[in-house]
Structures are given as structure tokens and as C-alpha cells.
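Notes to accompany the following structure.
The values are calculated or read from the model by the stated rules, or taken from the named source; none is laboratory data. Nothing here was measured: the structure is a model prediction, and the numbers come from that model. Cβ placement follows ideal geometry from the backbone for every residue including glycine, while neighbour counts extend to all protein chains displayed. To get the accessible areas, we keep the full protein, side chains included, count just its heavy atoms, and leave off ligands, DNA and RNA. Shrake-Rupley method; radii C 1.70, N 1.55, O 1.52, S 1.80 Å.
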Amino acid sequence: MAVQANGNCYTHFSVALKPGQAAELRAQGHVDSVSNYILRDRVRYWVLVLAAETFEAMISCWGDLQEREKQRKQRKRT
């Protein structure tokens, strides 16, 4: 992740692809670019630019989800 002077965040994401999923994406019109590409038909990488407020909201939601998961596991143990 990189933060610009104006507060926007460039975030690099990746996801593992299932066998055949890369071919399916290309059949649907996906074309590799510098900011969105598929590597060796196994991993898809992309860059997302988020406004500072959006990034903060995303991090807040992620924290809430982590807390809920922690509580769920604690309830499961008892």
C-alpha cells in the first residue's frame, strides 16, 4: 500500500485462481494491464485506488469482522 499526498491509498490485491478460472476470465474479455493482470494462470493481481475515507471505512469494517470472529470462537469454546 502507498499513500499519496492527497490521502488516497494505492492498494495492491491478489487472489489465487482455481484451475481454468484464468481462461474463463479471458473469455469474458479480461485483458492484462499494468494495474490488473493474471500471472501464470494462477494468481490475479490488481491495484485499487481508494479515497482516504473509503480506506478508513474498509479497515474499520475489517476490524469489526475480526472482533466478531474472535467472539464467535470464544462462544464456541464454552
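Here is how the numbers come out for the structure above:
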item	result
Where the chain is the region considered: accessible area per residue in Å², 1.4 Å probe	82 Å²
Helix 52-77 axis, angle to the chain major axis (alpha carbon atoms, nearest 10°)	60 degrees
Within-15-Å neighbourhood charge of residue 23 [Cβ basis; K, R +1; D, E -1]	+2
Label point distance in nm, residue 47-residue 6, each placed 7 Å from Cα along Cα→Cβ	1.5 nm
Chain lengthening between residue 57 and residue 40 when straightened (0.36 nm per residue, less Cα-Cα)	2.8 nm
Rg and Dmax of the chain, Cα atoms only, in Å	17.3, 50
